[in-house]
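Let me begin by presenting the structure, written as structure tokens, before commenting on it.
The values are calculated or read from the model by the stated rules, or taken from the named source; none is laboratory data. Note that the structure is a prediction, hence the values are computed from the model and not measured. Note that each Cβ is placed from the backbone with ideal geometry, even for glycine, and that neighbours are counted across all protein chains shown.
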Amino acid sequence: MGSNPVNKFQTCSCGLPQDNDAVITHPSQRASRPATCDALVLDARARQSLVTVRSLGSRGLCIAALDSFDGLPVPSFSSRWCHHKIICQAEEGRVDYLTFLEQVLDSTGARVLIPSSDGTIALLRHYRERLEHRVRIALAKEPALGIALNKEQTLEIARRLGLGVPRAVTVTAGSEVGAALHEIGLPAVVKPVESWRGGEHRRVASQLVTTPDEARRAVEELTGFGGMILFQPFLSGRRESISFLYANGEIYARFACWGKRANPPLGGASVLRQSIAIPQDIGEQAERLVREIELEGYSHVEFRRDSAGYPYLMEINPRLNAGIELAVRAGVDFPYLLYQWANGERIDMAKGYRVGEQMRYLGGDFAATLAALRQRGRPEVPPPAQAIFDFCASFFVPMSYDYLDWRDPFPVWVALIGFPRYLLRRGGKGLSSKRRD
């Protein structure tokens, strides 16, 4: 991409540029007196970003949303509560993106910056001191943030605290796969220690392997990006997670959910999920871990149970995750609590939430069903007939749907229009979860 990014503003009452469709090169040239936006939401195409725009905007806050241009529509931009839509031609994670972001911050006077993707967070971490002269960043401080983003460090602390941690062998090259297979066996999960590879500006995901050849190919692919790989046994039980808002030694909100279906099936974003009462075992473990790391702000702690129901820690996600809307619909408004924390305000205490609420990401569920037809016979993948039945039967179960909010109807139409284009783009690579899930 070029070094001269382009952006687009949509008007609001904050005093920013008033020509809705104006395309300008330098945001700072358009406002001699910076207006004040309450929050700038990055990675606007992500589902969690739309939830954040709706959460904050519906409370009367002035919200701007920014995303890198990639030709696909951005549902957040069509929200009635998105006061400014900003498009950057530079790719997330690159220096050109940083330059553009600084111009936008100067022009909007945004108080709080809320990121949602690994690439953006990596860039913000690298230039954090420089950016914090302009804006409050809704991320935990170092070193807690760095620990949470590194699976090996997270699991080591969890092991020291007595949490259930899956056996793991660290692998750095394909030549070490034989020893790992001897130790762990098959099927197994090949997992990068850190999901974001800054040099390649890409996110790398865990892979399920069922044969020695698959294991070697997966390790060679993932180690080719640099960094270490964890080789872990496959766990076949339920996938459960606990979310927290933690600050100043206090837990202000807790929320638990069960991921019933995911895309891709192993470790992907939940496409069908349900709120549950906080299980005593993982609830206590997750809270101890967050307190030990001192991971302030929002965190999402994932567990996987084995066939006997024993829980094992998978990872911590220290940013708003794609499935956050279920928590909001159930009564825990994490985006707003995160904003309060980042802005230095008094944080509301969430006293509880509705158990049994279900939510579905229809596009992701459709992609997961197609993947099940192609990957029949693999662990975690139901038989084709069962996958199709489950997909269709879910329409008869009362639940909410991602993007769909009758108070704010346009984002769901934008998502529906853009989904076929997304499928076509992903067709050559195979269907998988969106890059920001």
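Structure above, values below:
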read-out: From E156, E132, E176, E194, residue being free of Cβ contacts under 8 Å to residues at least 24 places away in the same chain, over 19 Å from A64 (Cα atoms) and acidic (D, E); value: E156
read-out: Residue within region 341-352 that is in contact with a Pro (Cβ under 7 Å, 6 or more places away or on another chain) and not in a loop (DSSP other than H, G, I, E, B) present; value: no
read-out: Filtered residues of region 162-207 (kept if within 17 Å of M314 (Cα to Cα) and either among the acidic types (D, E) or surrounded by fewer than 14 Cβ atoms within 10 Å (Cβ to Cβ) (or both)); value: G162, R167, T170, E194
read-out: Pairs where the first residue, in region 160-173, is within 27 Å of E284 (Cα to Cα) and the second is among the hydroxyl-bearing types (S, T, Y), C-beta under 9 Å, 6+ apart; value: L163/Y312; G164/Y310; G164/Y312; V165/Y312; P166/Y312
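Residue-wise test of (1) within 19 Å of M349 (Cα to Cα); (2) at pLDDT below 95.
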| residue | (1), (2) |
| --- | --- |
| R254 | yes, no |
| P279 | no, no |
| I282 | no, no |
| E292 | no, no |
| G297 | yes, no |
| R304 | no, no |
| R319 | no, no |
| A322 | no, yes |
| G331 | yes, no |
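Every residue, every condition in (1) at pLDDT below 95; (2) in a loop (DSSP other than H, G, I, E, B); (3) under 21 Å from the mean Cα position of the chain (by Cα); (4) farther than 23 Å from L72 by Cβ, yes or no:
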site	(1), (2), (3), (4)
A367	yes, no, yes, no
L373	yes, no, no, yes
P379	yes, yes, no, yes
D390	no, no, no, yes
D405	no, yes, yes, no
